[in-house]
Amino acid sequence: MSNFAMLRDELLAEIEAIAPVVREYASQSEQLGRLAEPIIKAARQTSLLRFICAHELGGCEADPLTVMEVCEALSRIDGSVGWTLGIIANATAFAGAFLPAESARHRQTPGAVQPRNSTAEPVDGGYLVNGRWSFGSGIHFADWVVAGALVPGQSPPAGLRVAVLPREEVTVHDNWQVAGLRGTGSCDYSIDNVFVPDNMTFSMIDAIHGNVVTGEKVMLRLGFPAFFTAFHVGVPLGIARRALDEITTQAISKSRGITATTPLAAQPQFQATLGKIEVQFKAARALAMQALSRGWAEVCTGRTPPAILQAEIRTSGTYIDELGQQITTEAFQAAGGSALFDSNPLQRCLRDAQAAGQHFAVSRSAYRNFGMFKLGQPDAQPYG
């Protein structure tokens, strides 16, 4: 058994160990608008918050397939847990890979790299950071926060500086009242004229090109945004798998229609639907594994994947996310009116799948980016 296979088994065992706590407090997380404290407490007793980080930073240095399977397994239990723990693990690894090693020994680090209305003004020894960012998933449990800000007079991505600063220097805005992924606590946050020393910042260009500072063979060498694809396919696959499991179980005793007397499981139309979406799920998962494996093969030879492959990996993520939404929607619709109730897990699966699909990383712009590469357009980029 390979080291990565052993690591996957260990991490999946940790997920099984905390699963009862996740299930018990899932509804409370929805009500709170962030993960319930017992879930975070349980997660902190595992490797799940740092498993992507380099060994030098106390992490497991996981490969993309491991990341996908961990996010998938967590999201199969609860989409908000898969999203939050996945974001924290990814963002912590992201910051750790590009900061100097002596600066990178921090803990949970969620945040956002989009500059939006933000600036990083150069001053002696560092930058003064100002701005407001959206979607700070997991920020309530962070020790440090990542924020991407533009250096005045420069354009992205060259002018984009990523700052890492203590959570207490960030203001969190309680505006996460949403339809799906309610338990992620993905609130806005703002920074008001905070000095960040130069050794707690890095250039986004380094992330785009996979110029890792810490870690010999870490996932960040995949380049940006290919690095985040493992997370963005694992979450919808886990949610879709949960939806498939739920409708398969419910179909045994459920019937639909005014005169229906046979259970849904015995109805030909549902049998065909279930067969189709099961195959769609297997196809989506196979595509995810193939795309991530190709990128990782490049990393293992010491190279950052070429830009066209990075674009293809991101595009695969978009397609897989769309398939996940389709599968979840089909399962929800098959259950009829009973799926509308909070007591039916299918309604949360539907909401969470749709919410995950709103992220820019899996937006339809990925198709155009990849198409530009296939057409040999000179300005083709894997991001944007």
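I need the full set of residues from the stretch 163-207 which are touching a residue at least 60 places away in the same chain (Cβ under 8 Å), under 29 Å from residue 102 (Cα atoms) and of a type in the set (D, E, K, R), in order please. Listed by number, the residues that qualify are 192, 198, 206. Determine if the stretch 169-178 includes at least one residue that is in a loop (DSSP other than H, G, I, E, B) and charged (D, E, K, R). Yes, because at least one residue in the stretch 169-178 is in a loop (DSSP other than H, G, I, E, B) and charged (D, E, K, R).
Total residues in the stretch 40-65 satisfying the condition of being modelled with pLDDT of 95 or more, in a helix (DSSP H, G or I) and either surrounded by fewer than 24 Cβ atoms within 10 Å (Cβ to Cβ) or aromatic (Phe, Trp, Tyr) (or both): the figure is 4. Cβ-Cβ distances below 8 Å connect the following pairs, each with a first residue in the stretch 335-349 that is surrounded by fewer than 19 Cβ atoms within 10 Å (Cβ to Cβ), a second residue that is assigned to a loop (DSSP other than H, G, I, E, B), and a separation of six or more residues or different chains: 336/254; 336/256; 338/254; 338/344; 344/335; 347/341. Out of the stretch 208-221, which residues are of a type in the set (A, V, I, L, M, F, W, C) and either surrounded by fewer than 24 Cβ atoms within 10 Å (Cβ to Cβ) or without any contact (Cβ under 8 Å) to a residue 24 or more places away in the chain (or both)? Of everything in the stretch 208-221, those that are of a type in the set (A, V, I, L, M, F, W, C) and either surrounded by fewer than 24 Cβ atoms within 10 Å (Cβ to Cβ) or without any contact (Cβ under 8 Å) to a residue 24 or more places away in the chain (or both) turn out to be 208, 212, 213. Screening the candidates 224, 281, 202, 195 for the property of being over 30 Å from residue 336 (Cα atoms) and under 21 Å from the mean Cα position of the chain (by Cα) yields one hit, 224.
Just so you know, in the stretch 222-254 the residues that are in contact (Cβ under 8 Å) with a residue 12 or more places away in the chain and polar (S, T, N, Q) include one that is farthest from residue 384 (Cα to Cα), and it is 250. Taking the residues in the stretch 1-33 that are modelled with pLDDT of 95 or more and among the polar types (S, T, N, Q) as candidates, determine which candidate is farthest from residue 74 (Cα to Cα). Only one residue tops the list, namely 31.
The listed residues are 39, 52, and the only one of them that is more than 26 Å from residue 316 (Cα to Cα) and not small (Gly, Ala, Ser) turns out to be 39. Within the option set 287, 274, 292, 220, being outside any loop (DSSP other than H, G, I, E, B), farther than 15 Å from residue 69 by Cα and at pLDDT 95 or above holds for one residue only, 274. Within the stretch 150-161, residues that are within 10 Å of residue 203 (Cβ to Cβ) have Cβ atoms under 7 Å from residues that are among the β-branched types (Val, Ile, Thr) and part of a loop (DSSP other than H, G, I, E, B) in these pairs: 159/151; 161/151, counting only partners at least 6 apart in sequence or on another chain. Does residue 5 satisfy being in a loop (DSSP other than H, G, I, E, B) and surrounded by fewer than 21 Cβ atoms within 10 Å (Cβ to Cβ)? No. Somewhere in the stretch 175-185, is a residue among the aromatic types (Phe, Trp, Tyr), outside the structural domain of residue 81 (by TED's automatic domain parsing) and modelled with pLDDT of 95 or more? So far as the stretch 175-185 goes, yes, one or more of its residues are among the aromatic types (Phe, Trp, Tyr), outside the structural domain of residue 81 (by TED's automatic domain parsing) and modelled with pLDDT of 95 or more.
Does residue 11 count as surrounded by 21 or more Cβ atoms within 10 Å (Cβ to Cβ) and in contact (Cβ under 8 Å) with a residue 24 or more places away in the chain? Criteria met by residue 11.
In the set 51, 94, only one residue is of a type in the set (Phe, Trp, Tyr) and closer than 30 Å to residue 155 by Cα; that residue is 94. Checking each residue in the stretch 351-373 for being in contact with a Gly (Cβ under 8 Å, 6 or more places away or on another chain) and either outside any loop (DSSP other than H, G, I, E, B) or of a type in the set (S, T, N, Q) (or both) picks out 351, 352, 353, 354, 355, 356, 361, 362, 365, 366, 369.
The values are calculated or read from the model by the stated rules, or taken from the named source; none is laboratory data. Just so it is clear, the model here is predicted, and its values are computed rather than measured. When we count neighbours, we look across all protein chains shown, and the Cβ atoms used for this are built from the backbone with ideal geometry, even at glycine.
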